[in-house]
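The values are calculated or read from the model by the stated rules, or taken from the named source; none is laboratory data. The structure presented is a predicted model; accordingly, all values stated were derived computationally and were not measured. We place every Cβ from the backbone using ideal geometry, glycine too, and count neighbours over all the protein chains shown.
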Amino acid sequence: MKFQVITLFPSMFDSYLKESIIGRAITDKKISVKFYNPRDYTENKWGRVDGRPYGGGPGMVMEAQPILTAIGKARGKKKTKVIIFSPAGKKLTNEYARNLLKKNKEIILVSGRYEGIDGRVKKILKAEEVSIGDYVLTGGELPSMVLIDTVSRQIKGVLNTFDSVEENRISSSEVYTRPEILKYKGKNYKVPKVLLSGHQANIEKWKKGE
C-alpha cells in the first residue's frame, strides 16, 4: 500500500514512521509513505497557503490551489482515492480500513490545518471525508497517522502473526501477564483465576464476557 500525504508539517511524521511495527513495514516495503507540502506548490511569491474565510468567522482557511496542485503532483495520471479528514466524515473502523486495502493500492491523505480546507477541493476531487472521532484536532496529521496504522496492520506480514489482528481472535478489554500476584502499596492484585485454570473453553467464555 502506498500512502501519499498532503501536509504542511511532514516532519511531524518522522518519529512515528521510523519506529516499531510501522517502521518495519516501511523497511520491508509492505507500505510506503510519501509527502507533498502545499507550500511547495503555491503560485504566490510569499508561499502563502491560507486566506481569510468568505462570510467572516475566526481563523484562516487553507486555499484550494496549493492543495489541488500538490494532489495533482501526487496523483499523476492515476485516479487515486483522496481522503480529507473531518469530524463530520465517515467513521474510521477496521471494516473501513479493510475495504480501503481491498479496493486501493494507493491513497492520498489530505491533512488540513487552521479552520479547514476550501470546500471546493472536496467537490473538485470528489474526495471522501473520514473521521477518527467526534472531536476537533489542530490538524489532520494525527488522523493521517491513525489511518496509516489502521490500514497497515491489515496487511499480511506487517504484524508478526496475523492472529494479532484483534478482530481475528477472541480478545477482551482486560489482559494480564506475570507476575501472578502483583504487590503494590501493601495490597495484592491477582490475575483472574479463570486465566490460570488451563480450561480453554472457560477462558474464551470469560474473554467474550469482558
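The table below gives the values:
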quantity	calculated
Complete set of residues in region 183-210 that are among the basic types (Lys, Arg) and in contact with a Ser or Thr (Cβ under 8 Å, 6 or more places away or on another chain)	207, 208
Residue list for region 169-210, restricted to those being among the acidic types (Asp, Glu) and either in contact with an Asp or Glu (Cβ under 6 Å, 6 or more places away or on another chain) or at pLDDT 90 or above (or both)	174, 180, 210
Within region 1-21, tally of residues that are closer than 27 Å to residue 114 by Cβ and not in a strand (DSSP E or B)	11
Cβ pairs under 9 Å, 6+ apart, first in region 66-86 and closer than 14 Å to residue 35 by Cα, second part of a strand (DSSP E or B) and at pLDDT below 95	67/117
Of the criteria (1) surrounded by fewer than 16 Cβ atoms within 10 Å (Cβ to Cβ); (2) of a type outside the set (Lys, Arg); (3) touching a residue at least 12 places away in the same chain (Cβ under 8 Å), which one residue 44 fails	(3)
Subset tally (residues that are buried (at least 16 other Cβ atoms within 10 Å of the Cβ) and either over 8 Å from the mean Cα position of the chain (by Cα) or outside the structural domain of residue 26 (by TED's automatic domain parsing) (or both)) for region 133-154	6
Filtered residue count, region 155-168, keeping only those that are surrounded by 13 or more Cβ atoms within 10 Å (Cβ to Cβ) and either in a loop (DSSP other than H, G, I, E, B) or at pLDDT 90 or above (or both)	4
Criterion: assigned by TED's automatic domain parsing to the domain that holds residue 143, part of a helix (DSSP H, G or I), over 27 Å from residue 158 (Cα atoms) and among the basic types (Lys, Arg) - qualifying residue of 39, 113	39
Pairs with Cβ under 7 Å, 6+ apart, first in region 112-123 and modelled with pLDDT of 90 or more, second of a type in the set (Phe, Trp, Tyr) and surrounded by 17 or more Cβ atoms within 10 Å (Cβ to Cβ)	112/85
Sole residue being out of contact with any His (no Cβ under 8 Å at 6 or more places or on another chain), closer than 20 Å to residue 124 by Cβ and basic (Lys, Arg), chosen from 73, 34	73
For residue 87: the one exception among (1) out of contact with any Ser or Thr (no Cβ under 7 Å at 6 or more places or on another chain); (2) modelled with pLDDT under 95; (3) surrounded by fewer than 17 Cβ atoms within 10 Å (Cβ to Cβ)	(1)
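Here's the yes/no breakdown for (1) buried (at least 16 other Cβ atoms within 10 Å of the Cβ); (2) among the hydroxyl-bearing types (Ser, Thr, Tyr); (3) at pLDDT below 95; (4) in contact with a helix residue (DSSP H, G or I) (Cβ under 8 Å, 6 or more places away or on another chain):
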| residue | (1), (2), (3), (4) |
| --- | --- |
| 53 | no, no, yes, no |
| 60 | yes, no, yes, no |
| 71 | yes, no, no, yes |
| 81 | yes, no, no, yes |
| 91 | no, no, no, no |
| 97 | yes, no, no, yes |
| 105 | no, no, no, no |
| 109 | yes, no, no, yes |
